[in-house]
Amino acid sequence: MAPIKKPYGSWPSPISAELITRAAPSLNFLQSYGDDLYWVEGRPWEAGRNVIMRRDSNGSITDLLPAPFSHYSRVHEYGGMAYALNDDHLYFVNATDQNIYKYCLDDTSAPQVITNNSSRRFADLVVDRQNQRLIAVCEEHNDDQEPENYLASIALNNQTPAIEKLVSGADFYAYPRISPDQSQLCWIEWQHPNMPWDATQLWQATISNGNLIEKQRVAGGDNNQAIFQPHWSPNNTLYYVSDITNWWNIYRFENGIGAPVLRMDAEFATPLWQLGMTTFDFIDANTIACIWTVSGIWHSGFIDVATGVLTTVQTPYSSMQAVACHQGSVYFVAGASVLASQIGGVNLQGQVSPIYAPATVDLDKADLAQPESISFTSGDNQQVHAFYYPPTSARYCGDDRELPLVIAMCHGGPTGATSSGLNLKIQYWTNRGFAVVDINYRGSVGFGRTYRQGLEGAWGIADVEDTQQAIAYLAGQQKIDPKRCLIRGGSAGGYTVLSALTFTDTFKAGASLYGIGDLETLAKDTHKFESRYLDSLIGPYPERRDIYLERSPIHHADGLNCPVIFLQGLEDKVVPPNQAEMMVKLLEDKGIQVGYVTFADEGHGFRKANNIIRAMEAELAFYRDVFSLKGKA
């Protein structure tokens, strides 16, 4: 049948907001232990509960956490890996109280709490079997002062486990890892004002009677490299990822020297927004399994440690994360443009075998937009990358006399990146007749350290310019209507949205999801992890308060003259609700169309199904009202 012509943005769609919440649970944090493989599955339909799951040696997959228990750490507010295994026991951080619990895998008794202190949060747990304790990143909160971060020792042989400081003195810690022979501990640490993708240090120490001796800084002493994922090989050699030569490559530390396993213009790491992230693991002492990204596309393969030769494996995936080796194969969370996230495995022979694909996406592939990788020139003559998604439907098409509306998407961070994996939150728009351009503006990761530093001192300028250039490029290709441009983004992406709407006239409306309107308020009222982030992006505060005021949309309300919808969690500690409320009042006072949708039970980001549905439907209704479009949700 010939497609039915309807105005862009008004097409009916089978991709409902409700479908998005139940179709594709999030998967992350794979671990191999014994004969089994473990991971975390996030379920919006269970009020955002995160369940630890196990695949046993027979291939059977089971949930390990009984409701209402949920794996989730609030260290750095973004959390990360927060479970570990030992013999027949699982140790995990529970979302509601941030305590560590012990759960016996061989019976059905309820998990037992082993910490009981409301001021502490834990993440990145590892088991020190020799000393019968857990080692974890601990964040201790005290009234009226900045939280203290340290590596904690948590005894497991006491009825009330003693919690002691094992390593302290730095502002932040990550990746405590014990060598296979139990004799060495490594970790990374960093200090304000650095973020973990700016400058970190890698340390190791000998474990002697539970104490750490012979502490040695392995890498990062020059304070000009970002270390990611230190990892012990099966023969007790320390490996890690460093960007000392611009690209995040894998290094080996031997005989007091760190040397690259191979050099490659590719990124074998990703920014450490969540603790415990992994991009490589060991098949055996001679073989590294790894993933890496080039121009926004992820790849996988194996490195021969002796020769440094990388063998690329062809897979159906273009998006990958959370690497763990298990019984001669490498496993990771993976997806592609029309393939929902799953856990896939690859063996040394290059055979690809999905072992867990929980998404219930039953859609016609003709309803799914394929991303087109595009690049265009920035204001300083750098090549900027983006993915362009055309309006796509199996049943509808636009009128020949009109070009589609376009939504420019701004990822968060801003140190982050967009992905080419299936994202139903993008397909939600394209299947209704919107074009989407998902932009890796300067400052994004995956393109080397120099590109990642492209926002230093230029946040609110370079990223905004790149959104404008993306629109200009697509308009020049006659792929979009430049008079009907929208922009949306969350968190730091929300700041780019509000800056673009305030300081340019490229966009006619926008959506800010828990976004930033007042940089000064953010500098004075945010959590420890990001409290000095703006030093590099804007300038030191209060010394450069003038720049903070100059680049804050809230202080330039005269320039904001188009409709905006704000979506905000009221429990947000990263971007407090007052940021949105000030901007809403300014627009109301000017008589400009504004939407403000709040969620009393959400923090920074929306995890619960009913809230995700409400947010997406409110945003769609807002756009259709702004552009006088009719269509079903």
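Bear in mind that the values in this text are calculations on the coordinates, not laboratory data. Quick caveat: nothing in here was measured; it's all calculated off a predicted structure. FYI the Cβ positions are ideal-geometry reconstructions off the backbone, even for glycines, and counts take in every protein chain you see.
Tabulated results
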read-out: Cross-link pairs LYS165/LYS215; LYS590/LYS630; LYS5/LYS630 - those with Cα-Cα distance over 18 Å; value: LYS590/LYS630
read-out: Percent antiparallel among DSSP beta bridges (both partners in the range 363-626, rounded to 5); value: 30
read-out: Principal axis dimensions, largest first and in whole angstrom, of the range 204-268 by Cα; value: 43, 27, 19
read-out: Lys, Arg +1 and Asp, Glu -1 on Cβ, resulting dipole of the chain about Cα centre, debye, nearest 20; value: 1360
read-out: Charge dipole (the chain, unit charges on Cβ, about Cα centre) - positive-most of VAL51, VAL406, ALA23; value: VAL406
read-out: Semi-axis lengths, Å, the range 363-626, gyration tensor of Cα atoms, sqrt of 5 times eigenvalues; value: 28, 22, 18
read-out: Relative packing of 47-60, 407-420, which averages over residues the other C-beta atoms within 10 Å, highest first; value: 407-420, 47-60
read-out: Span-rule helices in the chain, defined as complete DSSP H runs reaching 20 Å or more along the axis (Cα) with Kyte mean at least -0.5; value: 462-476, 609-626
read-out: Linear extension gain, GLU402 paired with TYR33, 0.36 nm per residue minus alpha-carbon span; value: 127.2 nm
read-out: Cβ-derived FRET efficiency at R0 60 Å, SER208 paired with THR504, nearest 0.05; value: 0.50
read-out: The chain - mean residue ellipticity at 222 nm from DSSP helices (-39,500 (n - 2.57) per run, n ≥ 4, rounded to 500); value: -4000 deg cm²/dmol
read-out: Rounded to whole Hz, the Karplus (6.51, -1.76, 1.60) HN-Hα couplings of the range 90-100, x for glycine and proline; value: 10, 10, 8, 8, 8, 4, 6, 10, 6, 8, 8
read-out: Computed magnitude of the charge dipole of the range 55-184 (debye, nearest 20; Cβ of K, R +1, Cβ of D, E -1); value: 220
read-out: Footprinting exposure proxy for ILE538, ILE178 (fewest neighbouring C-beta atoms within 10 Å first); value: ILE178, ILE538
read-out: Size-normalised alpha-carbon gyration radius of the chain, reference 2.2 N^0.38 Å; value: 0.95
read-out: Debye intensity ratio I(q)/I(0), log10, the range 274-364, q values 0.17 Å⁻¹ (C-alpha model); value: -0.69
